[in-house]
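Visitor: I'd like to ask you about the structure that follows.
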Amino acid sequence: MPPHLQELGWVRLKVADVEAAKQFYGVRVGLPYIRSAGGAALFDLGDNTTLEIVGGGIARPIPPAQNAADQVMILRVVDFQATLARLKAAGQPFPFKIYNEATGGFSYIADSEGNLVGLADRRPPAAYRDKQPVSPEDLEARRRWVEG
């Protein structure tokens, strides 16, 4: 972040059905629920970032392609395969290809409103193929997971 900005603090998601979205993000995805206030549901996204789910949105069909989505949220997961297995067991559809590369795994799921939510993990650089670039975000994610 630039020196005059500290961090991302709040994300608001407008949905048609707050209760369905609350179940998706809290139960299905497993975000820690903070509280409900004024018809909104608040969840902890980590690093002092709050996800606020509010009414007034419009549910849409799942986009026909990953790059056709108006907006996406990508969540880093610690164990991509375990996350996939848990979500598949809960009946969560995966509308697009599931990637499992040397650098990590990635896939999208859709929330109760048709919004795409990406799931990604990054493997340690030692697992990369020859000449595979290592990005600072990969190193930072790995550091946080190791530190627990």
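The values are calculated or read from the model by the stated rules, or taken from the named source; none is laboratory data. Everything quoted here is computed from the prediction, not taken from an experiment. Cβ atoms come from the backbone with ideal geometry, glycine included; neighbour counts cover every protein chain shown.
Visitor: Take D44 and tell me if it is under 26 Å from E140 (Cα atoms), assigned by TED's automatic domain parsing to the domain that holds L139 and not hydroxyl-bearing (S, T, Y).
Guide: no
Visitor: Look at the range 54-68 and say how many of its residues are surrounded by 13 or more Cβ atoms within 10 Å (Cβ to Cβ) and either farther than 10 Å from A110 by Cβ or basic (K, R) (or both).
Guide: The number of residues fulfilling the criteria is 6.
Visitor: Of all residues in the range 1-53 being among the aromatic types (F, W, Y) and in contact with a Gly (Cβ under 7 Å, 6 or more places away or on another chain), which is nearest to A110 (Cα to Cα)?
Guide: For the range 1-53, the residue satisfying everything is F43.
Visitor: Something else about it: Select, from Q92, Q66, Q71, the only residue that is under 22 Å from E137 (Cβ atoms), in contact with a strand residue (DSSP E or B) (Cβ under 7 Å, 6 or more places away or on another chain), in the same structural domain as G118 (by TED's automatic domain parsing) and not aliphatic (A, V, I, L, M). Write out each step before concluding.
Guide: Working: Q92 fails: under 22 Å from E137 (Cβ atoms); Q71 fails: in contact with a strand residue (DSSP E or B) (Cβ under 7 Å, 6 or more places away or on another chain).
The unique qualifying residue is Q66.
Visitor: Of all residues in the range 31-56 being at pLDDT 95 or above and part of a loop (DSSP other than H, G, I, E, B), which is nearest to V117 (Cα to Cα)?
Guide: Filtering first and then ranking leaves L31.
Visitor: Can I ask one more? Just checking, does the range 52-65 include any residue being out of contact with any Lys or Arg (no Cβ under 6 Å at 6 or more places or on another chain) and within 15 Å of W10 (Cα to Cα)? Spell out the reasoning first.
Guide: The first filter runs over the range 52-65 and keeps only residues out of contact with any Lys or Arg (no Cβ under 6 Å at 6 or more places or on another chain), leaving 53, 55, 58-65.
Subsequent filtering for residues that are within 15 Å of W10 (Cα to Cα) retains 53.
The answer is yes, given that some residue of the range 52-65 is out of contact with any Lys or Arg (no Cβ under 6 Å at 6 or more places or on another chain) and within 15 Å of W10 (Cα to Cα).
Visitor: Still on this structure, I have one more. Only one of Q92, Q71, Q81 is surrounded by 14 or more Cβ atoms within 10 Å (Cβ to Cβ) and out of contact with any Phe, Trp or Tyr (no Cβ under 7 Å at 6 or more places or on another chain). Can you tell me which?
Guide: Q92
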